[in-house]
């Protein structure tokens with residue numbers, strides 16, 4: 001895994017020094033080597049930069065930018081192609097000759113042979129740029145699931161690209177202007193969904209898309225080469241539940257095995273939950289040596305699952321390490337979050353993810369993570385809500401539904417003292433009235449996923465903001481294949497998973513130069529599981545039923561059958577205590593008025609509701625705090641120099 005950056009400048013202002021500045025801003029992504037390609041024609045200057053974290057073919061021959069066919073093709077590549085040796089054999093049979101043992105060279109040969117069709121051969125995670133000097137064409141690509149990030153910017157005849165926005169900010173010709181509608185969508189979800197970006201004229205390349213940029217005509221075209229909706233829109237397989245479990249295990253084993261390809265030490269994050277336990281169990285089952293597993297624990301027993309992970313590691317026979325972090329360890333990460341996530345980001349599980357990455361990096365260069373198990377197998381509680389309540393809501397006569405919605409809105413939340421401090425209950429209670437009023441699948445899904453509502457967002461800003469289209473609103477699931485579970489899962493696969501979960505793991509691991517891999521995101525896994533009947537995924541009230549049956553073959557069910565905690569940190573307690581001075585600073589009247597983004601009266605209302613009457617959820621304060629800290633780090637750089 002690495003960091004890539006570059007530019008095409010039709011005014012030829014950008015040169016080698018700007019290229020080095022952009023590339024070296026990503027040194028944390030690739031500390032092992034750096035490389036730069038620069039050329040200037042009579043119409044444009046072009047630069048490709050690379051920071052290398054050596055994983056496959058550790059020799060200098062694997063360094064980038066890499067060229068092919070006497071400097072016709074140049075590539076910078078971030079990620080891994082796990083089946084590169086198989087593709088290499090096919091290409092060798094077609095007459096191709098190779099000079100290195102790297103997967104990067106295989107991409108170049110494949111592109112020369114098949115063009116954009118080469119993407120259908122790749123199993124892996126990747127974002128890369130290929131410059132065809134002969135045709136003066138730039139080919140930019142991102143993997144199917146969106147594991148690897150790719151940002152680009154286009155304004156005033158300057159095209160920039162990079163693995164992180166830090167590369168853009170390091171370029172003097174990048175115009176750093178906030179896109180206010182992106183701030184609105186951040187407050188809606190806690191992250192900014194692709195293709196949108198916090199800055200104007202900057203974008204994220206969508207997963208499973210490539211971008212052709214013709215440098216002669218300056219024409220830019222984006223094309224989708226794979227679509228997860230195509231998988232869910234197929235007729236479901238007629239297969240028994242037991243056979244589905246058996247075949248799923250085979251598919252997972254193959255996908256997991258691919259992710260062990262490396263010329264450096266590899267480890268696995270083991271949280272003690274079903275997803276990571278499945279990953280470790282199937283890998284250890286087929287391994288002649290002991291896997292290295294890593295777990296982070298918490299001093300607060302209410303948040304800690306490390307003891308379960310340790311017991312599971314003992315059963316499976318891994319070489320296990322754990323680190324118990326103190327509250328100070330966790331709090332010390334918070335000031336650095338805006339730097340790691342150079343776009344506003346509010347998922348507080350980034351904190352323990354960074355800490356476990358730091359621990360793992362002392363022992364390995366690659367770590368496998370079990371993300372996407374929930375989105376693929378049906379693990380979130382909101383999926384159970386979709387399944388359970390979709391039909392029930394539609395069975396209620398419209399008049400009765402609207403009456404119930406009015407009744408809920410009339411009962412103050414403090415009338416429920418038993419649940420007043422339960423954030424999950426608060427969020428559901430506040431949105432249930434809206435869902436009763438309109439029980440469409442889209443409204444139910446949005447009621448469970450958005451945080452600041454549309455009305456709240458309008459009140460929050462002192463300028464007009466517009467709603468923007470994201471994958472949350474995609475309606476590609478065909479009516480004849482509709483079921484409420486698939487409806488929610490496929491949306492999460494395209495939105496929440498990409499721009500929350502995967503961004504979190506990428507930035508957290510890369511902050512310590514650790515390559516994070518996502519075995520559940522092999523395309524063959526989703527292609528298989530999407531074809532299974534929805535009732536197999538949540539079976540008789542059990543979420544992730546198929547995955548659980550696989551795990552129970554290797555780990556006693558009594559050890560696994562416990563409430564899920566996940567990477568939870570005590571944000572509510574922090575906001576009321578140690579983080580209160582930061583809240584007072586960043587949400588104070590002076591700062592808000594100077595910033596001129598938010599409505600001060602509404603900010604005061606939110607703070608009063610949270611701290612005085614305790615009617616507000618902590619996520620609203622946390623989202624605001626994360627944005628304000630990001631703003632100070634990246635928009636007020638003079639204060640941080």
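Just so you know, all these numbers are worked out from the coordinates, no wet-lab data involved. Because the structure is a prediction, the values reported are computed rather than measured. Methodologically, a virtual Cβ is constructed for each residue, glycine included, from the backbone with ideal geometry; neighbour enumeration extends over all protein chains shown.
Quick look at the numbers
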| read-out | value |
| --- | --- |
| Using a Förster distance of 45 Å, the FRET efficiency for residue 212-residue 411 (Cβ separation, nearest 0.05) | 0.20 |
| Packing rank of 547-557, 42-52, 160-170, where each peptide gets the mean count of other beta carbons within 10 Å, highest leading | 160-170, 42-52, 547-557 |
| Estimated D of the stretch 551-641 in µm² per second, where Rh is the Kirkwood radius over Cα pairs and Stokes-Einstein applies at 10 °C, 1.306 mPa s | 102 µm²/s |
| Residue 323 paired with residue 585, simple spin-label distance in nm, labels 7 Å along Cα-to-beta-carbon | 2.5 nm |
| For the stretch 465-547: rounded, prolate or oblate by the Cα gyration tensor [a/c cutoff 1.5] | oblate |
| The chain - mean residue ellipticity at 222 nm from DSSP helices (-39,500 (n - 2.57) per run, n ≥ 4, rounded to 500) | -12000 deg cm²/dmol |
| Pairwise FRET efficiency - residue 32 versus residue 362, Cβ, R0 = 22 Å, nearest 0.05 | 0.85 |
| Ranked packing of 231-243, 62-74, 607-619, most packed first, by mean Cβ within 10 Å | 62-74, 607-619, 231-243 |
| Extension reserve of the residue 469-residue 201 stretch, reckoned as 0.36 nm per residue once the Cα distance is removed | 94.9 nm |
| Label-point gap, in nm, between residue 155 and residue 635 - each point 7 angstrom along Cα→Cβ | 1.4 nm |
| Largest to smallest principal axis extent of the C-alpha atoms in the stretch 230-371, angstrom | 52, 38, 36 |
| Efficiency of FRET from Cβ geometry, residue 286 and residue 443, R₀ 51 Å, rounded to 0.05 | 0.70 |
| Virtual spin-label span in nm between residue 604 and residue 315, 7 Å along Cα→Cβ | 5.6 nm |
| Global geometry of the stretch 471-622, whether rounded, prolate or oblate, following the gyration tensor of its Cα atoms and the 1.5 cut on a/c | prolate |
| Alpha carbon convex hull of the stretch 151-248, projected area averaged over orientations, nm² | 10.0 nm² |
| Alpha-carbon centroid distance for the pair the stretch 84-133 / the stretch 500-575, whole angstrom | 31 Å |
| Listed peptides 380-388, 146-154 by packing density, highest first (mean Cβ within 10 Å) | 146-154, 380-388 |
